[in-house]
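Here's the structure, in structure tokens; my notes come after.
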Amino acid sequence: MSTAGAAPEPAIVVDHLRVVRGGREVLPDLSLRVPAGQVVGLLGPSGSGKSTLIRAVVGVQEVAAGSVTVLGHPAGSSPLRHLVGYVTQSPSVYDDLTVSENLRYFAGVAGAGPAAASAALDEVDLVDHVGQRAGALSGGQRSRLSLACALVGDPQVLVLDEPTVGLDPILRRDLWALFARLAGQGRTLLVSSHVMDEATRCDRLLLLREGRVLGDETPAELLERTGAADADDAFLRLVESAAGSGRGSGS
Amino acid sequence: MSTRLTLLTAGRVLRQLRADPRTIGLLLVVPCVLIGLLAWIYDGTRVFDRIGPALLGVFPFVVMFLVTSVATLRERTSGTLERLLTTPLRKGDIMAGYALAFGAAAVLQALVAVAFSVWVCGLDIAGSAALLVVVAVADAVLGTALGLLASGFARTEFQAVQFMPAVVLPQFLLCGLIVPRDDLPSVLHGLSDVLPLSYAVDAMTALATSVDSAASAGRDLLVIVGFTLVALALGSLTLRRRTP
């Protein structure tokens, strides 16, 4: 199956994806590729369609047109259930269960053993909270538990919706280091964020605004192309130049 | 569907229930308090012997309907359902897991309620008390199945709670508890024939009042199981993986 010499197959392929939510066209016509084995940041302001794209990638979003393919399979199809890990925007764990009960359940669902559960616990640094109820954890701890519940399944593709929201700078740094480590193991990570300065942590960036791709490049390429000092500035310049070239569509 | 995943999910639901002792207390105590109250109201008459068995069929149904519809709605709104639907877990595993877990809780509830009715309130049971427990558990699982189905149509917890009177009260009024079903106007009698709670109350009443009632109660039990399976199948249709 491996095509030696050729460019590696992208892990995620989105082709002319159109999504309408509540009568609003959130993604009018989106096409993009996510390369395998990298941390790809999906950046954009809230309302830009990041969560919708992520939901389409994991196959829980109703789609009006177009296709999403993950590891060669249609998004959400049953071979992917063992291969894709999904971390929702608000932590989706059972508040009335303890940390270890949550992990053991999600490990069991993914067909993994208790060893995977304790390894995941270790990765997100929650070992000291094993017996605590998830509802009693701090916001940051809950979102790390939610991440661990996706890691237990040993996914090849990990899709994370705003995993660093509300975390202090140290935890954010640790989390990005974990993402890099996971990508180093050959996994693909699609991580959304509305915090532009997290762009530098990614191998590659997808800048999204109003359901359209403004940029698809490495952080260095983005800064070079726009001549900006940081990602925030680069984003502003891209928005301005897009508004300049396509007058009448922006407000 | 997988037995392993169903049992795993049932275990998880029971663990959630165990983490909430107040709910367990309410599940076990409230039916007893209400039955005790009625026994006291009708003290010295034969009325309690008529409606007591029926109540043993009604309470597990109502309580489990409510508990299940709120529990599954929580699963939807907390995002855990969306996450589960991206895992190897199937919809049938989720439905059966819930039915199994609340069915197990219902066994405990039925044992306590029947024991309380017979030993404390002096309810006369002509038939088999064991079968009475079986029917009560079937009723509870029916309540769970309908609760799962109803929660598919509720977007908020307010709506979920409102489904209780909407789904349960008409059945309560027509099941023969207030007026025997044979005395109902013919249209209402026909309507009561297609409502599952009627069969639960028929079975309970037969078991309590007649010695050789096992066969007719068994038929009613089959009808209840049929309704349960249909509700579970319809309920799993409301668990849609892709949402707008």
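What follows is calculated from the coordinates using simple rules that are stated; it is not laboratory data. All of these numbers come straight from a predicted model, not from anything done at the bench. All Cβ positions, even for glycine, are placed from backbone atoms using ideal geometry, and neighbour counts span all protein chains on display.
Remark: B:Leu38 matches the filter, which requires a residue to be touching a Leu at 6+ places or on another chain (Cβ under 8 Å), in contact (Cβ under 8 Å) with a residue 12 or more places away in the chain, more than 10 Å from chain A (Cβ to nearest Cβ) and surrounded by fewer than 21 Cβ atoms within 10 Å (Cβ to Cβ). Restricting attention to the stretch A:222-236, the residues that are in a helix (DSSP H, G or I), crowded, with 16+ Cβ neighbours inside 10 Å and free of Cβ contacts under 8 Å to residues at least 40 places away in the same chain total 4.
Exactly one residue out of B:Thr45, B:Thr72, B:Thr87 is without any contact (Cβ under 8 Å) to a residue 40 or more places away in the chain and either more than 14 Å from every other protein chain (Cβ to nearest Cβ) or in a helix (DSSP H, G or I) (or both): that is B:Thr45. A residue that is farther than 17 Å from B:Ile224 by Cβ and crowded, with 24+ Cβ neighbours inside 10 Å cannot be found anywhere in the stretch B:119-135. In this structure, B:Leu207 does not qualify as in contact (Cβ under 8 Å) with a residue 40 or more places away in the chain and either in a loop (DSSP other than H, G, I, E, B) or hydroxyl-bearing (Ser, Thr, Tyr) (or both). Quick one: in the stretch B:193-244, which of the residues that are within 14 Å of chain A (Cβ to nearest Cβ) and crowded, with 16+ Cβ neighbours inside 10 Å is farthest from B:Gly122 (Cα to Cα)? By that ranking, first place goes to B:Arg241. Summed over the stretch B:107-124, residues that are in contact (Cβ under 8 Å) with a residue 60 or more places away in the chain and under 12 Å from B:Pro31 (Cβ atoms) total 7.
No other residue among A:Leu171, A:Leu151, A:Leu190 is more than 23 Å from A:Pro35 (Cα to Cα), in contact (Cβ under 8 Å) with a residue 24 or more places away in the chain and out of contact with any Phe, Trp or Tyr (no Cβ under 8 Å at 6 or more places or on another chain) apart from A:Leu171.
For the stretch B:180-192, filtered to residues that are among the charged types (D, E, K, R) and without any contact (Cβ under 8 Å) to a residue 12 or more places away in the chain, the residue that is surrounded by the most Cβ atoms within 10 Å (Cβ to Cβ) is B:Asp183. For the stretch A:62-91, give me each residue that is within 18 Å of B:Gly79 (Cβ to Cβ), more than 15 Å from the chain's Cα centre (by Cα) and in contact (Cβ under 8 Å) with a residue 40 or more places away in the chain. Matches in the stretch A:62-91: A:Glu62 only. Filtering B:Val63, B:Val13 for residues that are away from chain A (no Cβ under 14 Å) and part of a helix (DSSP H, G or I) leaves a single hit, B:Val63.
Listed by position, the strands (runs of 3 or more DSSP E) inside the stretch A:14-93 whose residues that are more than 9 Å from chain B (Cβ to nearest Cβ) and over 26 Å from A:Ala183 (Cα atoms) number at least 3 are A:24-35.
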